[in-house]
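The values are calculated or read from the model by the stated rules, or taken from the named source; none is laboratory data. Remember, it's a predicted structure, so these values are computed and weren't measured experimentally. Here the Cβ is made from the backbone with ideal geometry for all residues, glycine too, and neighbour counts use every protein chain on show. Accessible surface is based on the protein model in full, side chains and every heavy atom, while ligands, DNA and RNA are left aside. Shrake-Rupley method; radii C 1.70, N 1.55, O 1.52, S 1.80 Å.
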Amino acid sequence: DSLRPEPRALGPVSFCEGDSVMLDAGAGFASYEWRDGSVLVGSQRMYSARQASVLRVRVRDAAGCSGESDAIVVVVLPRPTVAISGPATFCDGDSVVLDAGAGALAYSWTDSAGLALSSERRLIVRNGGSYRVTITGPNGCVGASAFHHVTRFPSPPKPVITRNGDTLISSAPSDNQWLRDGVLVPGWTGAWQLVN
């Protein structure tokens, strides 16, 4: 082997999952063979590395002389997996807290319209809608959660209480809970209640 190609990486050879780096073996050769170990992965001057690999390029010139480069080690860093925890429903006037989990370097909460909401680990939600969080992990890679859907249930209408003799009657036919002097009375859950 009389040739010694010196390929260049046109960017960092350590990158996040889903990214890549372009490698350039240099001009002026008649043929190129990129190998990951013993596996042939490319035959052009340029090679786009997308996964973890130990790459070498063998070149041949017009006179038939050939040579192989030193190894280029490509490292692929995992993107963080993000899951939102927190309730999916709440009642009008309440709120829920969504949590993206600990350990991230940065947090970015958005709604389904892409509106930025918070850069904290937790998000207080007072309106129904869809929310997602993007985090930066300890290795600098970014990951995004799926949308977390939250439903806000409206408050039921205030019941109207009428009195007919010694009976109180609620305008709500079900889901009543009666109180006496502001204190909940166990068992008083019907649409009407006798009082004395």
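Observations
- Charge tally for residue 94 (other residues, Cβ to Cβ under 12 Å; Lys, Arg +1; Asp, Glu -1): +1.
- Rounded to the nearest 10 Å², the accessible area of residue 161 at probe 1.4 Å: 90
- Carbon-plus-sulfur accessible fraction, region 1-160 (probe radius 1.4 Å, protein heavy atoms only): 53%.
- Leading residue at positive end of dipole, region 119-194 (Cβ point charges), from 129, 185, 168: 129
- log₁₀ of I(q)/I(0) at q = 0.11, 0.14, 0.16, 0.21 Å⁻¹ - region 1-155, Debye sum with one point per alpha carbon: -0.60, -0.73, -0.83, -1.15
- The residues of region 86-141 have, on average, 53 Å² of accessible surface per residue, using a 1.4 Å probe with all protein chains present.
- Placing +1 on each Lys and Arg Cβ and -1 on each Asp and Glu Cβ, with no other charges, gives region 1-141 a dipole about its Cα centre of roughly 120 debye.
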